[in-house]
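Q: Encoded as structure tokens, here's the structure I'll be asking about.
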């Protein structure tokens, strides 16, 4: 019998569905500004307001993820609210920071020479930090599979006294280590985008945010469709 979703899981799933619905609305607004004439009245002000709204929308997302992480970090590393396809793309419970540079390449064709140089410096720095965090995460995962921890986990149903205390202490240490790595990765995701946006003009930022939202919603839709098709095939073969 499948486990019932926890209240924490249900609350974030509900939040995410509402957040994605709002994200779709923002995407339509971004695309409208992309195709609107350059001399349209108040376009600059419209861009500024929309950029602020979209960034505030992302801020809500990261704040909610932080809340979940502090309550149950394991849930974020194996998020049941994501499709199998989305989960396969995860890097330390989220997207790779360097994905931002792919959005720049796809969205913007008019970077100046100075912008390209600045962007390259940020990219090199981000890749270095990504590698360091990947190595840190690997070390955390190695502790999970280490003989003492694995032995306790395998005997979890028949532990007694001091062994239970030892396992509780080990699990708490692992949770703390995973939370530390997650927070560092989340910080890198946020600071990378901030650095990219500091380089881009306001008009370029609209294009960047449109491509980022379009990518996220496309991956979500594709992943959910694949999971539905897989579930349908499974039912028909049973």
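Q: Out of curiosity, is residue 10 under 21 Å from residue 224 (Cα atoms), loosely packed, with under 14 Cβ neighbours inside 10 Å and free of Cβ contacts under 8 Å to residues at least 60 places away in the same chain?
A: Details: under 21 Å from residue 224 (Cα atoms): yes; loosely packed, with under 14 Cβ neighbours inside 10 Å: yes; free of Cβ contacts under 8 Å to residues at least 60 places away in the same chain: yes.
Here the answer is yes, as residue 10 does meet what is asked.
Q: In segment 201-229, what count of residues is obtained for those that are without any contact (Cβ under 8 Å) to a residue 12 or more places away in the chain and either crowded, with 18+ Cβ neighbours inside 10 Å or assigned to a helix (DSSP H, G or I) (or both)? Outline the logic, then answer.
A: At the first step, the residues of segment 201-229 found to be without any contact (Cβ under 8 Å) to a residue 12 or more places away in the chain are 201, 218, 221, 225, 228-229.
Narrowing further to those that are either crowded, with 18+ Cβ neighbours inside 10 Å or assigned to a helix (DSSP H, G or I) (or both): 218, 221, 225, 228-229.
Adding up the residues that qualify gives 5.
Q: Considering each residue of segment 35-46, count those that are touching a helix residue (DSSP H, G or I) at 6+ places or on another chain (Cβ under 9 Å), part of a helix (DSSP H, G or I) and exposed (fewer than 13 other Cβ atoms within 10 Å of the Cβ), and give that number. Steps first, answer last, please.
A: Kept after step one, since they are touching a helix residue (DSSP H, G or I) at 6+ places or on another chain (Cβ under 9 Å), are these residues of segment 35-46: 36-38, 40, 43-44, 46.
Narrowing the set further to residues that are part of a helix (DSSP H, G or I) leaves 43-44, 46.
Remaining after also requiring exposed (fewer than 13 other Cβ atoms within 10 Å of the Cβ): 44.
Number satisfying all stated conditions: 1.
Q: While we're here: Taking the condition under 19 Å from the mean Cα position of the chain (by Cα) and free of Cβ contacts under 8 Å to residues at least 24 places away in the same chain, does residue 121 pass? Break it down stepwise before answering.
A: Working: under 19 Å from the mean Cα position of the chain (by Cα): no; free of Cβ contacts under 8 Å to residues at least 24 places away in the same chain: yes.
When the stated conditions are applied, residue 121 does not pass them.
Q: Among the residues of segment 75-118, write down those that are under 17 Å from residue 188 (Cβ atoms), surrounded by fewer than 19 Cβ atoms within 10 Å (Cβ to Cβ) and more than 13 Å from the chain's Cα centre (by Cα).
A: If the condition is that a residue be under 17 Å from residue 188 (Cβ atoms), surrounded by fewer than 19 Cβ atoms within 10 Å (Cβ to Cβ) and more than 13 Å from the chain's Cα centre (by Cα), then 101, 102 are the ones that fit.
Here, each number is a calculation from the coordinates, and none is a lab measurement. Remember, it's a predicted structure, so these values are computed and weren't measured experimentally. Quick reminder, even Gly has a Cβ in these numbers, built from the backbone with ideal geometry, and neighbours come from all protein chains shown.
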